[in-house]
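J.: The structure that follows is given in the form of structure tokens.
The values are calculated or read from the model by the stated rules, or taken from the named source; none is laboratory data. Small disclaimer: the values here were computed from a predicted structure and weren't measured. Cβ: placed from backbone, ideal geometry, glycine included. Neighbour counts: every protein chain shown. Side chains are part of the model used for accessible areas, which takes the heavy atoms of the whole protein and leaves out ligands, DNA and RNA. Shrake-Rupley method; radii C 1.70, N 1.55, O 1.52, S 1.80 Å.
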Amino acid sequence: MAETVKKRGLELQWQMLIGFLVGLTLGLIAYSVQRDAAWVEFVTTYITTPIGQIFLRLIFMLVIPLLFSALVVGISEMGEVRSLKRVGLRTLAYTVIVSSIAVAVSLAAVNIFQPGAGVDRAAASQMLEESAGRAGEIVKAGAEQPSGVDAFVNIIPNNLVEVMGSNSAILSVMFFALFFGIGLMLTNTPNSRALQRGFEGLFDVSMRLILLVIKLAPIAVACFMFNLAALFGWDLLIRLSAYVGVVLLALAIQMFIVFPTLLATLGKKNPLQFFRQTQEASLMAFSTASSNATLPTALRVAENNLGIPRRIARFVLTIGATANQNGTAMFEGVTVLFLAQFFGVELSLGQQLMVMLVCILGGIGTAGVPAGSLPVVALILAMVGIDPQAIAIVLGVDRFLDMCRTTLNVVGDLVAAQVISAREPEREAVQPAETAAQTG
């Protein structure tokens, strides 16, 4: 048995870590030695970027059927409306409470350290001019998104095929899956049970295909990091060091203080053991900067490593991939308040709280794809009287911060699943992978 394990080679998370380090090192070397060389632009344009995009497209191609089938099966396996109501209300209460904590942490960090006061305005103006084209695209994308009552109404789809073809309409897909799952749970006939088994089969096939695609992750990670380092180096990170530091501090407080406290008190789980068992999902989230792309890995980690009942894992994680985005809400809030400080726009505490509330609500509908939160930031900037084009100032460091906030989002979903599972009166007998391997 030991020889068989050794033949498997390095585990996926270590392969991804190696790819991360290789891509980062080569990118920094290219940036430091030949940043303007034609071959660097050729490599990033025709090799590394296409490889990374192919990987993400393969993931996104499979995420919708996986998400839909996982949510339908997870709800139908609740067995009764009372169980669904209990888990659903606990998920909602957890999301509101933890998001409120994230809001308080973000407000405190951005007001104490005032990151917008120390930025080189001349350099920022230059970056704004250079990035105007991309910022314009983001502003346009944000303007196309419905807001207010329309955003609420549009959660209910009028064309399921159309919304399934759009990453920005994940909430509509989830609503239909939730509605359909409830109907399947309430219908106890031979045909409905056969249909449920069909959705279980769809989930199994989707998961199998995604696991095949995930084997390409180390190569894709190396390409992502080479692009980031070769095109931007550390210049933009240094220019915006105060802003980056505040974002990372807020995320770190949530990750290493709030989450461990929740795990130890409500989740009945040793935080160190939890972080060790979920490291594969964390690294995948950091590498891809996409909650949706990490969902298959998170589901597998929750069921196999943490031993969370699959009905709880599938329900909480599929909902959380879009609705429980603490990292995204924190990033959006800090970014808006940072830009307000930079341009001298005074916001009262009430206005700041309103900004953070909008960020939480906007985060619920944010597409779980790289840079999916930027259109929301552009909309909020316009709301507080700041030129939405100012978002271009942070574009240079957004990819790195996107990776960090996505990691917090995914870990937060797993923490939620652990906490809600621990409060359930009856838990399925699901062994973590390590225990199963030993007993096998």
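J.: What list of ³J(HN,Hα) couplings, whole Hz, do you get for the range 16-29 from phi and the Karplus terms 6.51, -1.76, 1.60, once you set θ to phi - 60° and write x for glycine and proline?
T.: Running phi through 6.51 cos²θ - 1.76 cosθ + 1.60 with θ = phi - 60° gives 5, 5, 4, x, 4, 5, 5, x, 5, 5, 5, x, 5, 5 Hz.
J.: Which of the peptides 214-222, 191-199 is most tightly packed, and how do the rest follow, going by the mean number of other Cβ atoms within 10 Å of each residue?
T.: Working: 214-222: 20.9, 191-199: 13.9.
Result, highest mean Cβ count within 10 Å first: 214-222, 191-199.
J.: Of Val384, Val73, which has the most accessible area with a 1.4 Å probe, and how do the rest follow in descending order? Numbers along the way, then the final one.
T.: Numbers: Val384 30, Val73 0 Å².
Ranked from most to least accessible, the order is Val384, Val73.
J.: Please give the peptides 39-46, 54-61, 103-110 ranked by average Cβ packing (other Cβ atoms within 10 Å per residue), highest first, as a rough proxy for protection.
T.: Details: 39-46: 13.8, 54-61: 17.4, 103-110: 21.1.
Going by the mean number of other Cβ atoms within 10 Å, highest first, we get 103-110, 54-61, 39-46.
J.: Next question, about the same structure. Run the 1.4 Å probe and let me know the accessible area of Asp204, rounded to the nearest 10 Å².
T.: Its heavy atoms expose roughly 90 Å² to the probe.
J.: With θ set to phi - 60°, apply the Karplus curve 6.51 cos²θ - 1.76 cosθ + 1.60 along the range 259-270 and write out the HN-Hα couplings as whole Hz, x wherever there is a Gly or Pro.
T.: Values per residue, Gly and Pro as x: 4, x, 5, 5, 5, 6, 8, 9, x, 6, 9, 5 Hz.
J.: Can you send over the carbon and sulfur percentage of the accessible area for the range 226-306, probe radius 1.4 Å, protein chains only? Let's see the in-between values first.
T.: Values: 1950 of 2910 Å².
Reported share for carbon and sulfur atoms: 67 percent.
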